[in-house]
Amino acid sequence: MIRFEDVHKTFGTNAVLRGLNLEVDKGTSMVIIGGSGTGKSVALKCVLGLVTPDSGRIYVDGQDTASGGDRDAFLARFGMLFQGAALFDSLPVWQNVAFRLLRGALKRPKAEAREIAVEKLRRVGLGPEVADRFPAELSGGMQKRVGLARAIAADPEVIFFDEPTTGLDPIMSGVINDLIREIVVEMGATAVTITHDMSSVRAIADNVAMLHAGKIRWTGPVAQMDASGDPYLDQFIHGRAEGPIDPVR
Amino acid sequence: MSVIAHLLAGIGRRVLAALATIGRVVLFTARAFSHMLRPPFYGRELLNALLHIGWLSLPVVGMTAIFTGAALALQIYAGGSRFDAQAVVPQIVALGIVRELGPVLVGLMIAARVTSSIAAEIATMKVTEQIDALTTLSTHPMKYLVAPRVLAALICVPLLVGLGDIIGILGGYTVAVNNLDFNGAVYIRNTVDFLEPLDVISSLVKGAVFGVIAATMGCYAGMQSGRGAQGVGRATKSSVEAASVLILAANVALTGAFFSI
Ligand SMILES: Nc1ncnc2c1ncn2[C@@H]1O[C@H](COP(=O)(O)OP(=O)(O)OP(=O)(O)O)[C@@H](O)[C@H]1O
Ligand SMILES: [Mg+2]
C-alpha cells in the first residue's frame, strides 16, 4: 500500500535518508524502530508531502505521491499523530479532535462532531471534562493522547503514529497499544508506528523495520525479530551500549 | 584591485538575495489574495482576525492619534507665531494628520501590535508542527491562517486610519480651544472647509496598503520561521522591521502618486 523506493533526503550537510526502501502492506501494522535522529519522523513526513525527498519515489496504492492530483482527497485518507502532538493551542480540545469534522469535505453538524470527539477522547482514556479545556492546560501525556484522538477522529485508512506511547505511564501505554491494534484488526486500517518502546513493538507490530544510517537495516515479521541474527537489530532490541551501533552519533 | 572586486561581489550577492526575498514576498502576497477569492472560506478565522486587528487596536490607535494631534497643534502654533500665522493651526493640523501622520502612525502602530503578534503566533505554530498538522488535516495554511488575517487588515486598517484622522484632529482641537484661545466652531469649520476629498481618499488608501503590508509581513515571517525559540524571536523582529520600513517607503510612493503634480 505504501512503498518507498530509494528515497534520499539531506538537510544542509546532514544526509538523513540515504536510499530508503520499504513496503507496508494494506491492513497491516508496521513499526519502525531506530536510533534517535535517524530520520524516522522525516520518512513519515515524506509520505504526506510535508518534507519533499531529494530523490526517490513514494507510492501509495501504486500512485506516485509526487504526481500531483487532488491533495485534499489524498490527505483525507491519512491520520497523523505528531511526535510533539502539534495541537492547535487556539482551539479547545474537542475542536482539535474534531478539526476535520468541522470543516471541509467531511463537515458535520457541530453537535455530532462534538459527540464523535468525546467518543474518540474516551477511547484514548480521556474523560468528557477534558473536551472543553485548552491544550496548554493539559499534561504532556494528555496532549499526546488528544493528538492520537485527532489522528483517528475521521476514521482514516492509513494512520501514522509518531511515538504514541512516549511520556505515558505504563498502564496508559497498554491502553494505547491495544487501541492501535484494535484500529488495525477491527477497522482494517493500515498503521505505521514509530516507537522506542520494545514492549510496544511486540504489542502492535505485524512487521518491524529498523532504520539505521539512512537505510532499512532489517525488516520482517515481528516473530522473526529476535532470531534475525543481525547484530545491529540485536543490539537495539536489547538496549546494549556495546555493539556495532556507535553510541555517539 | 581584488579587494574592490571582492567588495563588489559581496554587494552583488546582497542585492541578489534582497531581490529574491522581494520576489518571494510579492509571490506570497499574490497567493494570499488568490486564496481570499477561492473557497473554502473560514468565516470564524476572519471574525477573529477582525477582532484582533481592528477592535482591539482601537485604544492604541486612539491614543496615538490624540497625542499626535495635540502636539502638532502646539508646534504649529509656536512656529506660526514667529511670522504671525497662528491662525493656520486648524488647516495645517488637518492636512498633516489626514495626509501623513494619521496613516503613517496608525500603520506603524499596527506594525508594532499586529505584525509582531501574527509573526510570533504563526512562527510558534510552525515550530511546534501545527502548520504541518493543519496540512495533514486537509486545511491549507495559506487559506486558514494567512488569507483571513490579510483580508481583515485590508478591511480594518483603513477604518482605523479614518478614525485616527478624526481623533487626531480632535486632539488638535482640544489643545487649540482650551490652551490657545481658538473658537471651537471656527476651528471645526476651517478644518472641514479646508480638507479636500482627495486628502481623505489618500488617507484611506494608505491605510489599506499599510494594513496589507503589516499583515502580510507578519504572516510571511512566521511561515518562514527557523526552528526553535530563536527562530520565533528572529521571525518576530524581522517582520516588524520589514513592515515598518515598507510602510514608510510605501508612504513616500503613495504621497508622490497622490499629490505630486
Ligand atoms: N526541517 C528540518 N530541517 C533541518 N533538519 C531537520 C529537519 N527535520 C529533521 N531534521 C534532521 O533530520 C534528522 C532526523 O530527524 P527525525 O526527526 O526524522 O529523527 P527521528 O528518527 O524521528 O528521531 P527521534 O527518534 O529522536 O524522534 C535529525 O538530524 C534532524 O535534525
Ligand atoms: Mg522522531
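What follows draws every value from the coordinates through simple rules; no lab data is involved. What you see is a predicted model; the values in this text were computed from it and never measured. Here the Cβ positions follow ideal geometry from the backbone for every residue, glycine too, while neighbour counts run over all protein chains shown.
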(message) Just to be sure I understand the model, the point goes 7 Å from the Cα along the line to the Cβ. What's the resulting residue A:112 to residue A:77 distance in nm?
(response) 2.4 nm
(request) For chain A, set up a Gaussian network in which alpha carbons nearer than 10 Å are linked by springs, and say which option among A:146, A:208, A:185 fluctuates the most. (result) A:185
(message) Given the -39500 (n - 2.57) contribution per DSSP H run of 4+ residues, what per-residue ellipticity at 222 nm results for chain B, rounded to the nearest 500 deg cm²/dmol?
(response) -26500 deg cm²/dmol
(message) Can you tell me which aspartates and glutamates have their Cα less than 14 Å from the Cα of residue B:206? Leave out same-chain residues fewer than eight positions away.
(response) B:100, B:165
(request) Kindly identify the range B:2-259 as rounded, prolate or oblate by the Cα gyration tensor criterion: order the square roots of the eigenvalues as a ≥ b ≥ c, call it rounded if a/c is under 1.5, otherwise compare a/b with b/c, prolate if a/b is larger, else oblate. (result) prolate
(message) Given an 8 Å cut-off on Cα distances and at least 6 residues of separation, report the relative contact order of the range B:2-259 as a percent.
(response) 30 percent
(message) Can you give me the distance in nm between label points at residue B:100 and residue B:24, each placed 7 Å from the Cα along the Cα-to-Cβ direction?
(response) 3.5 nm
(message) Compute the distance from the alpha-carbon center of the range B:38-81 to that of the range A:87-126, in whole Å.
(response) 37 Å
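Take the alpha carbon atoms of the protein assembly as shown, find their radius of gyration, then divide it by 2.2 N^0.38 Å using N residues; give the quotient.
It is 1.25.
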(message) If I take every Cα pair under 8 Å that is 6 or more residues apart in chain A, average their sequence separation and divide by the length, what percent do I get for the relative contact order?
(response) 25 percent
(request) Find the centroid of the Cα atoms in the range A:189-249 and in the range B:5-28, then give the distance between the two in whole Å. (result) 47 Å
(request) Could you tell me which of rounded, prolate or oblate describes the range A:59-181, using a ≥ b ≥ c as the square roots of the eigenvalues of the alpha-carbon gyration tensor, with rounded for a/c under 1.5 and, failing that, prolate when a/b is larger than b/c and oblate otherwise? (result) oblate
(message) Tell me whether the range B:1-123 comes out rounded, prolate or oblate; compute the Cα gyration tensor, take square roots of the eigenvalues as a ≥ b ≥ c, and use a/c under 1.5 as the rounded threshold.
(response) oblate
